[in-house]
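The values are calculated or read from the model by the stated rules, or taken from the named source; none is laboratory data. Note that the coordinates shown come from a computational prediction; the quantities given were computed from them, not determined experimentally. Cβ coordinates were reconstructed from backbone atoms using ideal geometry, including for glycine residues, and neighbour counts include every protein chain displayed.
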Amino acid sequence: MRVLKFGGTSMGDEHTWRRVLEIIKTYDRPIVIVSATARTTRQLVAAAELAAVDFGRASTMAIEIKERHELLIRNFLDRMNDRNGNNINELTEQCERWIEDRTKTLLQLLNEIAEEGNLTSRLKDAVAGIGEQLSSRLFSYCGSAFGLQTSWVDARSIIKTDSNFGNANPDLSLIAKNSEELSLLSAQGMIPVMGGYYGEDSKGEATTLGFEGSDFSASLLGSALDAEAIEIWTDVSGIYTCDPRIVEDAFPIKKMSFREATEMAYFGAKVLHPSTMNPAEEKQIPILVKNIFEPDHSGTIIRGETGENGKAKAMTFLKDVTIVTVTSPHTRMGYDFLSGVFKVLKDYHLSVNVVTTTEASISLALSSGQIHADMIDSMEELGEVQTKDKQGIISLIGCNFETMEEVSGQIFAAIPKTPVTMISYSSEKKNLNIVLPENLLTSSVQAIHKKLFDR
Ligand code: ADP
Ligand code: MG
């Protein structure tokens, strides 16, 4: 059994829907996870945010989403005929009823937000998950019209989470138990189709798994079902050496370890949700990243150690970084000082990308969005604080200690006059991070890629 996940780019329009169904058709007993159709989640979140101040405009957006889905369905189903033993008219009506139903719920939620006058994280999640609720059930109906034995499964009955809205933590044992329903369907020859990204907490409130959460849903199911593989289908042929939108010469990486893929996601590659690898690694289930437009391309396989000993496997970058430097009032940092700094990180739930220290000070590279006055005040109680904003981080993933000298030599040869702000190398995690002014980020990424990854 394999879990196949199709992202927003694959759910774009009736043509990609057909393409995806052609791919699904080639599998024996697949489990299918889909994202919302392209742009929908973003639009839903925008409507939720708008509803508190302008219900009229928010509801116009809801109607836009409704009409877009109606059009997609019509475009898809109108070209199908009844030869598969399914009544297309009936399927069209079922689709329309579901769009009607979800739009009604959406408008009710937007109204609730308007009445409260502000957007709570609970309501935001309730709205955000509607994209997948729509796409998954409609896609399942279209699968039937296409001649597949698809059966829609509401993720709320499977993906149970805590109540950490916006970034909910899955309850693995409940998910394992609930997934039996999917095995049963599959054993009966059905193809379960479930929406990714959303789930439900113990009180029955809708939750979401965070940005790009459908990848995570897929690996949660893959692990719960002991799948043979988890396949992430997208619009590029695997994980590239660098973001192909920035680096023209980037190319797909054949194999990566779970850790390398996690590091990549953590350090800014927007291909996979960073938590995706955890459930898969636990059960040593390989993750494949493949392209719906080039299905014969082997793409990238992510699994246990790859045994490779390369110079560097991939590079990523992050924008909007601020460096906070705290200098101890004493000539040396004591452990009181250091533990104080880390306590502030803990108190404010800050995740740090890069840390360096000198004898008397510590520098932390943080996403700029995490910086606020209270946090800086708390740091000032420990020592003198300086901040430097408009920074970016370049991360080299999968380096090896043995080749480090060579790699760093090539990097600095590639960006000879760049005023680097910070450098860190973690031998254990095998990555190298360079912090530099944000305006030099893109050109530096391109120059380093050329030097290190030239084929
Ligand atoms: P999906 O809708 O399938 O989830 P995403 O937009 O989340 O797709 O991810 C695929 C996109 O990620 C690609 O179109 C590509 O432009 C972008 N991307 C950024 N960095 C990388 C990378 N290192 N490798 C591959 N794709 C990347
Ligand atoms: Mg994605």
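Summary table below
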read-out: Among the candidates Gly334, Gly340, Gly392, Gly383, residue that is within 27 Å of Arg245 (Cα to Cα) and of a type outside the set (Val, Ile, Thr); value: Gly392
read-out: Complete set of residues in the range 38-52 that are within 14 Å of Gly8 (Cα to Cα) and not in a helix (DSSP H, G or I); value: Ala38, Arg39
read-out: Residue match in the range 281-303 (condition: on the phi > 0 side of the Ramachandran plot and assigned by TED's automatic domain parsing to the domain that holds Asn433); value: no
read-out: Residue within the range 252-261 that is in contact with a Leu (Cβ under 8 Å, 6 or more places away or on another chain) and surrounded by 19 or more Cβ atoms within 10 Å (Cβ to Cβ) present; value: yes
read-out: Number of positions in the range 201-234 that are part of a helix (DSSP H, G or I), within 13 Å of ligand 2 (Cβ to nearest atom) and closer than 15 Å to Thr161 by Cβ; value: 5
read-out: Strands (runs of 3 or more DSSP E) fully within the range 250-359 counting 2 or more residues that are more than 16 Å from ligand 2 (Cβ to nearest atom); value: 255-257, 300-303, 314-327, 352-357
read-out: Extreme residue, modelled with the highest pLDDT, among residues of the range 365-412 that are under 18 Å from Ser426 (Cα atoms) and of a type in the set (Asp, Glu); value: Glu406
read-out: Residue within the range 222-230 that is in contact with a helix residue (DSSP H, G or I) (Cβ under 8 Å, 6 or more places away or on another chain), more than 26 Å from Thr41 (Cβ to Cβ) and crowded, with 21+ Cβ neighbours inside 10 Å present; value: no
read-out: Which numbered condition Gly238 fails, given (1) within 14 Å of ligand 2 (Cβ to nearest atom); (2) at positive phi; (3) surrounded by fewer than 19 Cβ atoms within 10 Å (Cβ to Cβ); value: (3)
read-out: Filter result for Ile230 (aliphatic (A, V, I, L, M), at pLDDT 95 or above, within 16 Å of ligand 1 (Cβ to nearest atom) and more than 14 Å from the chain's Cα centre (by Cα)); value: yes
read-out: Identity of the residue in the range 194-214, aromatic (Phe, Trp, Tyr) and crowded, with 21+ Cβ neighbours inside 10 Å, that ends up nearest to ligand 1 (Cβ to nearest atom); value: Tyr197
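Each row is one residue, and each column tells you yes or no for (1) polar (S, T, N, Q); (2) within 21 Å of Val324 (Cβ to Cβ); (3) touching a helix residue (DSSP H, G or I) at 6+ places or on another chain (Cβ under 8 Å).
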{"position": "Val352", "(1), (2), (3)": "no, yes, yes"}
{"position": "Glu359", "(1), (2), (3)": "no, yes, no"}
{"position": "Leu366", "(1), (2), (3)": "no, yes, no"}
{"position": "Asp377", "(1), (2), (3)": "no, yes, no"}
{"position": "Cys399", "(1), (2), (3)": "no, no, yes"}
{"position": "Glu406", "(1), (2), (3)": "no, no, no"}
{"position": "Gln410", "(1), (2), (3)": "yes, no, yes"}
{"position": "Ala413", "(1), (2), (3)": "no, no, yes"}
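One line per residue, one yes/no per condition, for (1) touching a residue at least 24 places away in the same chain (Cβ under 8 Å); (2) within 16 Å of ligand 2 (Cβ to nearest atom); (3) within 30 Å of Glu231 (Cβ to Cβ); (4) among the aromatic types (Phe, Trp, Tyr):
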residue	(1), (2), (3), (4)
Met11	yes, yes, yes, no
Ile31	yes, no, yes, no
Thr40	yes, yes, yes, no
Asp54	no, no, no, no
Ser59	yes, no, no, no
Glu64	no, no, no, no
Arg68	yes, no, yes, no
